[in-house]
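See below for the structure under consideration.
Read the figures in this text as sums done on the coordinates, not as results from a lab. Computed from a predicted model, the values in this text were never measured in an experiment. Every residue, glycine among them, receives a Cβ derived from its backbone with ideal geometry; neighbour counts consider all protein chains shown.
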Amino acid sequence: MQHGTSGKHFKNWSNTYSCNPSLYFEPETIEEIKEILKSANENKKIVKVVGVGHSPSSIACTNDYMISLSKFDRIIDIDQENLKVKVQGGIRVDRLNGILYDNNMGLSVLGSISDQTIAGAICVGYHGTGINYGILNSYVTEIEMILASGEIKTYSKNSNADQFGAILCSLGCLGIILSVTIQCEKSFKLEQIEYPGRLEEMLESLDEHLKSSDHFRMFWYPHTDYVMCYNASRTKKPINPKKFNWFKDKLIGFYLLEFLLFIGFYFQFLVPYINWLYFKIFSNRSEYVDRSYNIFNFDCLFKQHAFESSIPIKDTSKYLLKLKRWLNENPNVRVHFGVEIRFSKSDDIWISPCSNQDSCWLNIIMFRPYGKEYPREEWWNINEKLMIECNGRPHWAKTHNLKKTELMELYPKFEQFDKLRRELDPNEIFINDCLRKVFS
């Protein structure tokens with residue numbers, strides 16, 4: 001078997017989850033991966049593949065075998081005629097963005113960040129925003145996967161089609177993704193218009209806003225009535241990027257914010273004022289044009305906890321107005337900005353959070369300024385309660401408390417997915433403690 005490294009300490013980006021795998025591998029060949037899987041089956045070890053560790057949960061953690069696909073990061077094929085790209089699973093999305101642009105191609109949708117590996121992003125349902133655009137998984141046309149047995153199978157609408165819908169969002173528990181083929185479009189620029197609004201007014205005319213651009217999202221500042229809105233649409237206009245101001249964007253927007261939230265940890269009555277202040281500072285209307293991925297992505301600032309759910313779009317107002325009312329009725333609960341509100345088109349992927357429903361994504365965060373842990377239990381609980389009330393589904397990369405019985409009600413094919421999981425991985429070498437809770 002390929003020599004693994006002992007003594008590896010893994011922690012995720014936000015430093016909220018960690019583990020100490022007994023052996024850490026960076027295989028360079030498929031044969032080496034097969035040897036690792038063979039050893040895991042023989043020695044009853046758990047195997048988890050890790051990307052860059054951006055998931056704010058323990059979904060990639062194990063104290064047994066951890067595999068990095070950092071050396072499986074090649075472009076296999078670029079088909080400019082049919083606008084398709086085939087890549088190894090370990091390539092980072094940000095690197096892929098640049099390569100595609102150089103070949104006059106681009107991914108139709110991206111999330112807020114692009115430093116994940118493509119395999120990691122697909123495993124958990126990586127999404128952006130745009131009511132006419134699905135999650136990134138819905139643009140995948142083929143996946144090559146190595147199963148727990150070492151067998152390599154190709155899944156697409158033409159090969160093993162009956163299981164393709166499961167493989168498209170696999171949580172990393174059906175096998176290891178070796179390669180992915182993605183349907184792209186020609187490279188494009190986006191014009192983004194940013195403007196402030198009031199939450200209730202935006203919700204009253206939500207349908208109009210959703211149709212007003214290709215990619216619409218909102219950013220609510222809790223403890224205020226205000227949101228920032230972002231309309232992004234494809235354009236032929238020349239690039240006119242957003243001007244970076246170090247004093248405002250970095251000194252005030254990052255360093256001062258972290259310091260103020262650190263002070264707010266000790267004097268939490270300040271938090272609503274900090275939210276209001278930062279809305280006022282960063283609520284100017286602006287318009288700019290840039291490469292698609294530069295508009296899709298933005299700075300997530302510093303370490304944080306995150307909880308995200310996907311609810312039917314029709315329940316967007318219900319969820320947010322109840323959440324705002326609850327926050328007003330519980331003045332001792334202080335929470336950080338912002339609540340990021342995004343939208344995705346329905347798909348037919350077995351356990352995609354957008355399976356068979358146009359969806360609104362609601363992402364809440366609590367920052368960890370200089371490592372300080374703000375109390376967040378009540379804020380998390382009310383959001384999970386509202387998610388359940390709205391028949392919402394958790395983002396697979398983020399923390400939640402739902403078990404198999406609840407997930408079966410939300411996903412008609414969840415039991416079918418679990419059955420396939422047990423068939424493909426009878427020794428459950430891909431199931432860590434995080435996923436065991438999901439399937440128990």
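Observations
- For the residues Y273, Y230, Y65, a GNM of the chain with alpha-carbon springs under 10 Å puts the largest fluctuation on Y273.
- Principal axes of the stretch 75-186: Cα extent on each, largest first, Å: 38, 27, 24
- Per the Kirkwood formula applied to alpha carbons, the stretch 189-394 shows a radius of gyration over Rh ratio, Rg over Rh, of 0.96.
- A compact globular protein would have a Cα radius of gyration near 2.2 N^0.38 Å; the ratio found for the stretch 134-253 is 1.54.
- Within a straight-line Cα-Cα reach of under 16 Å, K413 can be paired with the following lysines, leaving aside sequence neighbours fewer than 8 residues apart in one chain: K403, K404.
- Label point distance in nm, I239-E208, each placed 7 Å from Cα along Cα→Cβ: 3.5 nm
- Low-density loop cleavage sites - GluC sites (Glu not before Pro) in the stretch 281-350, where at most 14 other Cβ are within 10 Å (DSSP): none
- Rounded to 10°, Cα long-axis angle of helix 414-424 versus longest principal axis of the chain: 30 degrees
- FRET efficiency estimate (nearest 0.05) - Cβ-Cβ, I193 to F247, R0 25 angstrom: 0.55
- Isolated cysteines of the chain, defined as having no other cysteine beta carbon under 4.7 Å away, are C123, C169, C173, C184, C229, C300, C354, C360, C390, C434.
- Candidate lysines - alpha carbon under 22 Å from K236, same-chain residues fewer than 8 apart omitted: K186, K189, K211
- Placing a pseudo-label 7 Å from each Cα along the Cα-to-Cβ vector at S156 and N328 gives an inter-label distance of 5.5 nm.
- Nearest-ten-degree value, helix 93-102 long axis tilted from longest Cα axis of the chain: 90 degrees
- Descending principal axes extents, the stretch 284-349, alpha-carbon based, whole Å: 43, 34, 26
- Alpha carbon convex hull of the chain, projected area averaged over orientations, nm²: 20.2 nm²
- Average projection, convex hull of the Cα set of the stretch 129-192: 5.7 square nanometres.
- Note on F267 and S6: their simple-model spin labels are 5.2 nm apart, each label 7 Å out from Cα toward Cβ.
- Translational diffusion coefficient of the stretch 1-108 (Stokes-Einstein, Kirkwood radius from Cα pairs, 25 °C, 0.890 mPa s): 159 µm²/s.
- Taking the C-alpha atoms only, the angle from helix 30-43 to the longest principal axis of the chain is near 80 degrees.
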